[in-house]
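Right, one structure below, let's go through it.
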Amino acid sequence: LGDPYARNPFLREVLAFKHIWMYYVAMIVDPIIRFNWIFYVIFDERLQITALLAFFVALTEVCRRGVWTLFRVENEHCT
């Protein structure tokens, strides 16, 4: 994650985004969204094939990848 003793704990010293809370929210939400495919395993077969659940899982994965694309661009910019 990073240096726990930095000015902003667990983040690097040079940050591109002004709001620090966005980094912490991304660190918390990413593992939750990463494993949302588990809904397919938990729910019974009738709910597994619903278009709404499939759309929700796919949309959250696209949003998660978009967030990390922004952080990747920030990493290239700051280094």
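The values are calculated or read from the model by the stated rules, or taken from the named source; none is laboratory data. Model, not experiment: these values are computed from the prediction. Reconstructed Cβ throughout: ideal geometry from the backbone, glycine too, with neighbour counts over all protein chains shown. Heavy atoms of the whole protein, side chains included, go into the accessibility calculation; ligands, DNA and RNA do not. Shrake-Rupley method; radii C 1.70, N 1.55, O 1.52, S 1.80 Å.
Quick rundown of the values:
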{"read-out": "Signed unit charges on C-beta, dipole axis of the chain, positive-most listed residue Ala51, Asn8, Val25", "value": "Asn8"}
{"read-out": "Residue-averaged 222 nm ellipticity for the chain, from DSSP H runs of 4+ at -39500 (n - 2.57), nearest 500", "value": "-20000 deg cm²/dmol"}
{"read-out": "Per-residue ³J(HN,Hα) for the range 17-29, Karplus 6.51 cos²θ - 1.76 cosθ + 1.60, θ = phi - 60°, Hz, x for Gly and Pro", "value": "8, 6, 8, 5, 4, 4, 5, 5, 5, 5, 5, 7, 6"}
{"read-out": "Among Val41, Val67, Val29: highest mean-square fluctuation, GNM of the chain, C-alpha pairs under 10 Å", "value": "Val41"}
{"read-out": "The chain, dipole about Cα centre (Lys/Arg Cβ +1, Asp/Glu Cβ -1), debye to the nearest 20", "value": "140"}
{"read-out": "Helix 51-78 axis, angle to the chain major axis (alpha carbon atoms, nearest 10°)", "value": "10"}
{"read-out": "Förster radius 35 Å - calculated FRET efficiency between Leu59 and Lys18 (Cβ-Cβ, nearest 0.05)", "value": "0.85"}
{"read-out": "The chain, accessible surface, carbon-and-sulfur percent (1.4 angstrom probe)", "value": "71"}
